[in-house]
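Report on one structure; see the data block that follows.
Only the coordinates and a few stated rules stand behind these numbers; no lab work does. In this text, all values refer to a predicted model and were calculated from it rather than measured experimentally. Reconstructed Cβ throughout: ideal geometry from the backbone, glycine too, with neighbour counts over all protein chains shown.
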């Protein structure tokens, strides 16, 4: 604390990311990274970009990458915004759309960065409770609001909303931005990107950190009609005109151009998720139905915190949230390789 | 414009970066990039990082890079903050320190992103005029303020303040943060980094975009006592916990480890700047004394705007600011290679 700080900075409650331990040989199932490396074409594109004019500023508009994303999602380039990870895209969206008189609605159990952004940008949050099965009911969001944001599938529950439910909300909620945060959509859901041409208040945010195996590169993007993208660009160009470096632009573009690699990777995760889910059920866990690259599981008799600590002693890291209380007995376990699943299951067996 | 935007977004006046033309074969002297590529060791470090765990999140604290910078400037790691370009570092600093009741002081002719940040973060600006020689007089900043920021050397004038003048200001101005923006310091000035242990309200910001030939990588940093760095970290962790990707962390670290390459590059620029300055004077220009990798020059008889347009027709791009009026007859010309200087001088000769 310091009297030199802006007064509001004292009140910030920063986000706490999942641990990135520096020890080698861990079974790291705590931050939902993809276990496969990125496509070799991504590595080749980055290597090429590293030897090509790194002394010059990058394209501030990331034109080539945005065109690639536009083509992929059948939108126009003016309907695509890119940022330094989807966290930066979300932060800009909070500033661009959610500083309103009415509160921003989001699930009480959700991405824990949302309340942090509210603190940073003086957005009034109004948390909407999940139901008793830890599911989002979008009818609960049909109330006065200055914006709505939710992940689909939700994190950390992994539960998916069908596109029809989102479309119903969009038909009723037309006067504020509805932001669908699709960090995990590629592992089992249908993207709301196809609804963008129809709904002027829909913004879809995705990341390359999960299904594209590029958490280490920091690229995320938003899809929405041009008048929404324009607001994000205004904020970006008032913050940092060049958020994506040359390597990130080149690598991200190459990732979206290698569809075959992407399909292999996500299919492997979906298959492994089913195996992990079954095995956890057999070990006495309740496992929420997941459309993500993680499962959210609660053991019938053993406390989650003790299990997380016990696994940790064996070099296996999963994520346990002490708060809020209604999820305090759950573990969020990333779907890794078969070998990682085997190690996790063996670790759990020794504890149970 | 859209009624879905946050009201304040309508009022933003975003920064306009220097043009990044996509045509090849231009003599590009408009955005103060270094004409040399980065050190081969930087490229090697990036290539290595690209093949090493890009599917995993980067270290959110950029520990290795910050330690390298701390060692270089003889500070502790807790006195170093890194960001996605110095623009991001500056943006966070505006939010962390300058949201105060009293106005932020900065030169009326200076980095044009400062008033943009003021708009983004509702900081009240108070611009302090340069003197008749376009120089900063730090005595003019001895007045009530909620913070002081200036580049040293100043941009776009290139003029340097000696460290003694900055220290005098720090002795008198103790109740608000003094931010010295040293984007160009390596081309002829003495960094205020050595004053950090002595002055608790001093923050020094630098970039790797200029003297380290890494504009395309987007890395900047701040040096200051820990209580200031803590505020920046609070803002960062409320915005984007992982602002620097794995490649940027690795490349930036390697750049600071190759001191010999750095010295060769900056020495070449300083030498070329002297040649360019002399030649411009011989062509009838007034050239401000520059400690940066650019010169700021006004021709005695020819209008700057016409010269800029005439050069452009020959494929030579320099920067001309139409506003404010007192610099409207100046050109800001990046110091490039000898060949680029030759092309520029030939181009000017044909116009004069």
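Overview of results
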{"quantity": "Fraction in percent of alpha-carbon pairs per bin - 20 Å, chain A", "calculated": "29, 58, 12"}
{"quantity": "FRET efficiency estimate (nearest 0.05) - Cβ-Cβ, residue A:328 to residue B:122, R0 41 angstrom", "calculated": "0.60"}
{"quantity": "For the stretch A:183-322, convex hull of alpha carbons as volume per residue, Å³", "calculated": "169"}
{"quantity": "Order of B:281, A:317 under a 10 Å beta carbon neighbour criterion, fewest first", "calculated": "B:281, A:317"}
{"quantity": "Inter-label distance, nm, simple model (7 Å from Cα along the C-beta direction), residue A:139/residue B:305", "calculated": "6.4"}
{"quantity": "The stretch A:40-257, relative contact order in percent, only Cα pairs under 8 angstrom and at least six apart counted", "calculated": "30"}
{"quantity": "For residue B:198, label point 7 Å along C-beta direction: distances to other copies, nm", "calculated": "6.8"}
{"quantity": "Share, in percent, of DSSP beta bridges within the protein assembly as shown that are antiparallel, nearest 5", "calculated": "50"}
{"quantity": "Inter-chain Cβ neighbour average for residues B:259-268, partner chain, 10 Å", "calculated": "0"}
{"quantity": "Teacher prompt: residue A:16 distances to equivalent labels in other copies, 7 Å Cα→Cβ, nm", "calculated": "4.7"}
{"quantity": "Nitroxide proxy distance, nm - points 7 Å out along Cα→Cβ at residue B:52 and residue B:163", "calculated": "3.4"}
{"quantity": "Which of A:191, B:209, A:350, A:6 has the fewest Cβ neighbours within 10 Å, and the rest in rising order", "calculated": "A:350, A:191, A:6, B:209"}
{"quantity": "Inter-copy spacing of residue A:259 label points, which lie 7 Å from Cα along Cα→Cβ, given in nm from shortest upward", "calculated": "5.3"}
{"quantity": "Dimensionless Rg over Rh [the protein assembly as shown; C-alpha; Kirkwood]", "calculated": "0.99"}
{"quantity": "Chain A: antiparallel DSSP beta bridges as a percent of all, rounded to 5", "calculated": "50"}
{"quantity": "Packing-based exposure ordering (other Cβ within 10 Å, fewest first) of A:334, B:267", "calculated": "B:267, A:334"}
{"quantity": "Distance (nanometres) between label positions extended 7 Å along Cα→Cβ at residue A:131 and residue A:314", "calculated": "3.6"}
{"quantity": "Rg/Rg_globular for the stretch B:1-59, with Rg_globular taken as 2.2 N^0.38 Å and Rg from C-alpha atoms", "calculated": "1.90"}
